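Novice: First the structure, then my questions, so here it is.
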């Protein structure tokens with residue numbers, strides 16, 4: 001089955017800096033890669049996703065890149081703000097499957 | 001769109017009792033619903049996948065007789081924790097997807113925090 005590794009487990013940045021979270025996946029058949037943000041005690045919320053036919057996708061301060069050859073994808077947050085502080089999860093799903101495999105999460109702390 | 005509700009938001013119960021958690025998709029028909037369990041500072045662990053009108057598919061290590069799942073309609077799935085014990089205390093989150101409009105995208109409910117005394 002699919003295995004998703006996520007790094008780093010914790011990330012501390014100063015407000016205004018950029019933050020990058022990286023994930024690798026094992027199943028070359030995976031074709032959908034969402035990123036979720038989870039604030040303490042709340043539900044995971046989809047913030048951006050990318051499909052395997054696209055190399056990069058951007059939504060305001062958030063971008064995701066995908067390297068299918070290397071089987072890794074990354075989340076980039078620019079101009080970080082304290083409200084970006086949360087746990088971020090990457091996930092992957094192979095074509096024809098319905099279940100997501102999640103990474104272990106990255107706790108992002110943005111200091112004012 | 002894509003709103004998923006969950007009820008109750010928290011529950012405290014005595015050891016040995018059963019607890020039912022409801023998951024509803026409010027503005028779309030969920031062909032598939034998922035139940036996750038999340039321990040503090042850990043990732044989401046998939047417990048089971050349920051499709052409307054059919055039996056749930058449980059992940060390895062999840063006792064299907066202990067965690068009963070019913071997906072009676074396209075907008076409602078329930079998880080019943082039977083004979084709950086303190087080790088079942090956790091944050092239970094459901095998600096729902098629509099294989100049509102949203103494809104593989106899963107939208108999560110707000111979660112149910114269960115404390116078994």
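The values are calculated or read from the model by the stated rules, or taken from the named source; none is laboratory data. Being a predicted model, the structure only gives us computed values, none of them experimental. Note that we place each Cβ from the backbone using ideal geometry, even for glycine, and neighbour counts take in every protein chain shown.
Novice: Being within 12 Å of the chain's Cα centre (by Cα) and more than 14 Å from chain B (Cβ to nearest Cβ), is that true of even one residue in the range A:31-50?
Specialist: No, there is no match, as no residue in the range A:31-50 is within 12 Å of the chain's Cα centre (by Cα) and more than 14 Å from chain B (Cβ to nearest Cβ).
Novice: Among A:45, A:38, A:14, which is surrounded by fewer than 14 Cβ atoms within 10 Å (Cβ to Cβ) and either in contact with a helix residue (DSSP H, G or I) (Cβ under 8 Å, 6 or more places away or on another chain) or within 28 Å of residue B:90 (Cβ to Cβ) (or both)?
Specialist: Within the list A:45, A:38, A:14, the selection yields A:45.
Novice: Hey, can you tell me all the residues within the range A:48-73 that are more than 18 Å from residue A:93 (Cα to Cα) and crowded, with 16+ Cβ neighbours inside 10 Å?
Specialist: A:62, A:63, listed by residue number.
Novice: Any residue at all in the range A:49-65 that is at pLDDT 95 or above and within 18 Å of residue B:45 (Cβ to Cβ)?
Specialist: So far as the range A:49-65 goes, no, none of its residues is at pLDDT 95 or above and within 18 Å of residue B:45 (Cβ to Cβ).
Novice: Do we find that residue B:46 is over 13 Å from the mean Cα position of the chain (by Cα) and in a strand (DSSP E or B) in this structure?
Specialist: Here the answer is no, as residue B:46 does not meet what is asked.
Novice: Identify, by number, the condition in (1) surrounded by fewer than 20 Cβ atoms within 10 Å (Cβ to Cβ); (2) away from every other protein chain (no Cβ under 11 Å); (3) within 27 Å of residue A:34 (Cα to Cα) that residue B:25 doesn't meet.
Specialist: (1)
Novice: Quick check on the range A:71-89. Is at least one of its residues within 14 Å of another protein chain (Cβ to nearest Cβ), more than 25 Å from residue B:46 (Cα to Cα) and assigned to a loop (DSSP other than H, G, I, E, B)? Break it down into steps so the answer makes sense when it comes.
Specialist: Initial filter on the range A:71-89 (within 14 Å of another protein chain (Cβ to nearest Cβ)): A:86-89.
Add one more test, that the residue is more than 25 Å from residue B:46 (Cα to Cα), and what stays is none.
No: the range A:71-89 contains no residue that is within 14 Å of another protein chain (Cβ to nearest Cβ), more than 25 Å from residue B:46 (Cα to Cα) and assigned to a loop (DSSP other than H, G, I, E, B).
Novice: I would also like to ask the following. Among the residues of the range A:90-101, write down those that are surrounded by fewer than 23 Cβ atoms within 10 Å (Cβ to Cβ) and either at the interface with another protein chain (Cβ under 9 Å from one of its Cβ atoms) or not in a strand (DSSP E or B) (or both). Lay out the reasoning, then the answer.
Specialist: Here is the first cut: in the range A:90-101, the ones surrounded by fewer than 23 Cβ atoms within 10 Å (Cβ to Cβ) are A:94-99, A:101.
Selection gives A:95, A:96, A:97, A:98, A:99, A:101.
Novice: Here is a further query. Pairs only if they're at least six apart or on different chains, beta carbon under 8 angstrom, first in the range B:12-37 and on the phi > 0 side of the Ramachandran plot, second surrounded by 19 or more Cβ atoms within 10 Å (Cβ to Cβ); list them, first residue then second.
Specialist: B:16/B:84
Novice: Could you please give the count of residues in the range B:61-117 that are crowded, with 22+ Cβ neighbours inside 10 Å and more than 10 Å from chain A (Cβ to nearest Cβ)?
Specialist: Of the residues in that region, 9 qualify.
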